[in-house]
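Reading through the structure tokens given below for one structure.
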Number of protein chains: 2
Amino acid sequence: MTVSRALKDGASIAAKTRNKIMKAVEDLGYVLDQSAGSLSSKRTGFVAVLVPSINNSNFADTARGLTDALQGSGLQLLLGYTDYSVEKEEELIESMLRRRPEAIVVTGGRHTARGRRLLENAGIPVIETWDQPAKPVRHVVGFSNAEAAASLVRHLHGKGYRKIAFIGGTTNRDTRGADRRLGYERAMTALGLKDARVISFGTPPITMQQGGEALARLIEQWPDVEAAICVSDLSAFGALMECHRRKLQVPKRIAIAGFGDFEISRCSYPAITTVGVHCYDIGRRAGELLLRAIEGERKGQPMAAETIITNYAVISREST
Amino acid sequence: MTVSRALKDGASIAAKTRNKIMKAVEDLGYVLDQSAGSLSSKRTGFVAVLVPSINNSNFADTARGLTDALQGSGLQLLLGYTDYSVEKEEELIESMLRRRPEAIVVTGGRHTARGRRLLENAGIPVIETWDQPAKPVRHVVGFSNAEAAASLVRHLHGKGYRKIAFIGGTTNRDTRGADRRLGYERAMTALGLKDARVISFGTPPITMQQGGEALARLIEQWPDVEAAICVSDLSAFGALMECHRRKLQVPKRIAIAGFGDFEISRCSYPAITTVGVHCYDIGRRAGELLLRAIEGERKGQPMAAETIITNYAVISREST
DNA sequence: CTAGCATTTGTTATCGCTAACATAGCAATT
DNA sequence: AATTGCTATGTTAGCGATAACAAATGCTAG
């Protein structure tokens with residue numbers, strides 16, 4: 001027991017004893033067993049985080065924000081990839097809950113019925129991110145992808161573009177992508193631009209290359225198109241490069257806009273107009289919210305459901 | 001006990017009993033507690049993985065390869081970011097070991113003395129990746145960054161370039177980056193090209209933007225430079241865009257090469273010559289190796305140390 | 001009907017730690 | 001010297017699962 005106390009800080013223990021213990025620990029190469037500790041103290045120090053993917057995506061930044069926010073709190077991320085599938089998400093939720101995380105962060109507000117039930121009954125703080133679900137499970141840190149995409153449409157409209165197209169993936173698995181398209185369509189209608197032009201190409205998340213191919217199709221199908229909004233900066237970049245290849249001047253002949261404010265949109269030439277959505281901050285603020293929620297849980301005073309709407313802003317650059 | 005049996009497969013249990021239990025489980029929303037299970041069975045199902053970073057980096061692909069390889073094995077990744085710092089790595093090794101992972105995968109072969117000791121005494125399979133350490137802790141899945149960079153130099157030399165520069169970060173924290181520079185320098189000497197031109201700019205991992213700025217400096221310092229090798233595709237891309245801005249024709253006026261075969265190098269215009277290093281495969285094969293090693297460990301027959309050298313190849317594209 | 005075997009269920013101890021309480025030690029105060 | 005009030009250490013009893021063994025049940029065959 002004294003050893004146990006020596007190894008955590010804040011316990012009252014004589015300096016002499018502690019030193020003796022520490023020396024023994026170092027000599028023996030002893031490492032505390034946290035599974036056993038967790039079992040006893042009922043605090044695992046885990047936070048489960050489910051993201052669609054971590055490769056070339058905004059979610060990596062969100063994960064990083066979370067990691068940073070949790071720095072020093074003794075909490076550790078348990079990361080899972082859902083691959084943009086709610087079925088896989090359900091599986092992951094279950095296997096994560098087996099580890100008894102102290103909170104769980106998921107991406108988006110769409111889950112399987114059972115997935116949702118698992119979340120609701122988990123007895124731990126739940127945070128949905130990157131979205132603004134109509135019926136949140138509990139806490140939310142996100143924004144409306146539809147609204148964000150709509151504001152991009154209005155921005156282009158304000159610059160004089162009328163024949164505006166949307167490039168995205170073929171399915172609705174990527175709900176954020178689907179929301180963006182929805183926002184595009186609504187904004188077009190609202191502006192009286194009847195003929196929405198949607199190119200669906202590739203399973204989400206669509207790659208740079210697929211963005212390029214989609215642009216090729218777009219040009220073929222609607223040669224008079226004036227601007228293309230891409231579901232993400234990556235596809236926008238692919239589209240932009242395809243324009244280079246075809247010697248189509250951007251933005252003179254066609255304007256290109258992306259979504260997400262990846263570094264690439266800032267650095268490419270021409271730099272790409274995009275919607276900045278503060279991916280890192282979503283993670284960071286989810287982390288901070290979660291710390292408060294866990295604190296409350298430990299004190300037996302569960303926090304009231306909180307919804308944090310994060311900012312987004314159209315970032316106008318050379319490509320529009 | 002019967003419940004415990006019902007919840008794992010392969011146990012002999014009457015179908016009727018199992019169904020009854022499953023129903024109760026579903027009704028109660030009961031979820032197994034794996035910390036308790038791990039404590040008892042001495043198998044946590046964790047694999048610790050330490051990577052420098054997961055944002056815009058090859059390591060995300062490696063993590064993905066690992067995840068895929070471990071799919072269905074019941075093992076779960078415990079991911080940690082070292083931020084390219086061996087001190088942070090040491091901390092992470094310790095906190096990971098507290099979770100009693102069944103194997104640990106680290107990036108690179110450089111560790112603090114204590115970090116190395118912890119790895120050696122952990123009593124679990126250790127895999128070092130992305131490098132070819134002189135004295136591996138145990139297993140290795142990697143390649144020589146120096147050799148790979150050297151072969152890129154030779155490739156450029158073969159194409160007639162002589163005044164070849166290297167763009168990288170300012171410190172040696174990123175040991176793989178440092179190795180690449182070393183390989184560059186050695187190859188230049190070996191080819192009789194005396195005047196190595198190295199631009200160090202930004203703390204690793206250097207960004208696209210820093211790659212662009214570095215190119216600007218390079219041109220200023222050595223206006224006659226014919227080719228630039230960048231420490232990664234991201235900086236190469238930044239450099240390439242800077243060339244666009246300055247209306248320097250690539251590869252006519254200056255050739256640009258990267259490292260890592262990120263998607264961006266394939267899609268950019270002009271497409272960037274790079275060294276393909278099979279990031280995903282490194283993860284995948286580390287995962288497979290690790291499964292065998294864990295299997296051996298469980299049977300009480302530890303596996304002999306194994307070194308897997310992964311392939312790399314210069315991929316010649318339009319930028320050189 | 002019962003021995004004999006296979007299958008299914010039950011018991012007990014244990015994994016390595018910590019919460020909660022109990023005791024010991026020690027200085028200050030009266 | 002006795003009392004009080006600390007702080008430092010020790011004891012005991014779990015946390016919730018599983019390993020290992022023990023018992024019960026079911027089935028087949030003689």
(request) Quickly run through region A:9-39 and pick out the residues that are within 14 Å of DNA strand C (Cβ to nearest atom) and closer than 15 Å to residue B:94 by Cα. (result) A:25, A:28, A:29, A:30, A:31, A:32, A:33, A:34, A:35
(request) Name the single residue, out of those in region B:86-103 being within 12 Å of chain A (Cβ to nearest Cβ) and within 17 Å of the chain's Cα centre (by Cα), that is most open to solvent (accessible area, probe 1.4 Å). (result) B:88
(message) Return the residues of region A:180-210 that are buried (at least 22 other Cβ atoms within 10 Å of the Cβ) and closer than 18 Å to residue A:59 by Cβ; say none if nothing qualifies.
(response) A:180, A:204, A:205, A:206, A:208
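Going by the structure shown, is residue B:75 under 20 Å from the mean Cα position of the chain (by Cα), of a type outside the set (Ser, Thr, Tyr) and closer than 30 Å to residue A:62 by Cα? First the steps, then the outcome.
Values: under 20 Å from the mean Cα position of the chain (by Cα): yes; of a type outside the set (Ser, Thr, Tyr): yes; closer than 30 Å to residue A:62 by Cα: yes.
Against the criterion (under 20 Å from the mean Cα position of the chain (by Cα), of a type outside the set (Ser, Thr, Tyr) and closer than 30 Å to residue A:62 by Cα), residue B:75 qualifies.
Does residue B:114 satisfy the criteria of being part of a loop (DSSP other than H, G, I, E, B), in contact with an Asp or Glu (Cβ under 8 Å, 6 or more places away or on another chain) and either within 12 Å of DNA strand C (Cβ to nearest atom) or assigned by TED's automatic domain parsing to the domain that holds residue B:296 (or both)?
Numbers: part of a loop (DSSP other than H, G, I, E, B): no; in contact with an Asp or Glu (Cβ under 8 Å, 6 or more places away or on another chain): yes; either within 12 Å of DNA strand C (Cβ to nearest atom) or assigned by TED's automatic domain parsing to the domain that holds residue B:296 (or both): yes.
Judged against the criteria, residue B:114 is not a match.
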(message) Just to verify a result, which residue in region B:162-189, among those that are free of Cβ contacts under 8 Å to residues at least 12 places away in the same chain and part of a helix (DSSP H, G or I), is nearest to residue B:52 (Cα to Cα)?
(response) B:178
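Being more than 10 Å from every other protein chain (Cβ to nearest Cβ), within 16 Å of DNA strand D (Cβ to nearest atom) and open to solvent by less than 30 Å² (accessible area, probe 1.4 Å) narrows it down to one residue among B:51, B:3, B:47, B:25; which is it?
Details: B:51 fails: within 16 Å of DNA strand D (Cβ to nearest atom); B:3 fails: open to solvent by less than 30 Å² (accessible area, probe 1.4 Å); B:47 fails: within 16 Å of DNA strand D (Cβ to nearest atom).
Testing whether each residue is more than 10 Å from every other protein chain (Cβ to nearest Cβ), within 16 Å of DNA strand D (Cβ to nearest atom) and open to solvent by less than 30 Å² (accessible area, probe 1.4 Å) leaves just B:25.
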(request) Go through (1) open to solvent by 60 Å² or more (accessible area, probe 1.4 Å); (2) among the hydroxyl-bearing types (Ser, Thr, Tyr); (3) touching a strand residue (DSSP E or B) at 6+ places or on another chain (Cβ under 7 Å) and name the single condition residue B:30 misses. (result) (3)
(request) Output the qualifying pairs, or none if there are none: Cβ atoms under 7 angstrom, residues six or more apart or on different chains, first residue in region A:31-45 and on the phi > 0 side of the Ramachandran plot, second residue open to solvent by 50 Å² or more (accessible area, probe 1.4 Å) and more than 6 Å from DNA strand C (Cβ to nearest atom). (result) A:45/A:74
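The values are calculated or read from the model by the stated rules, or taken from the named source; none is laboratory data. The shown structure was predicted, so the numbers you read here are calculated from the model rather than taken from an experiment. Positions of Cβ are generated from backbone atoms using ideal geometry, with glycine treated the same way; all protein chains shown enter the neighbour counts. Just so you know, the surface numbers come from the protein's heavy atoms only, side chains and all, with ligands and any DNA or RNA stripped out. Shrake-Rupley method; radii C 1.70, N 1.55, O 1.52, S 1.80 Å.
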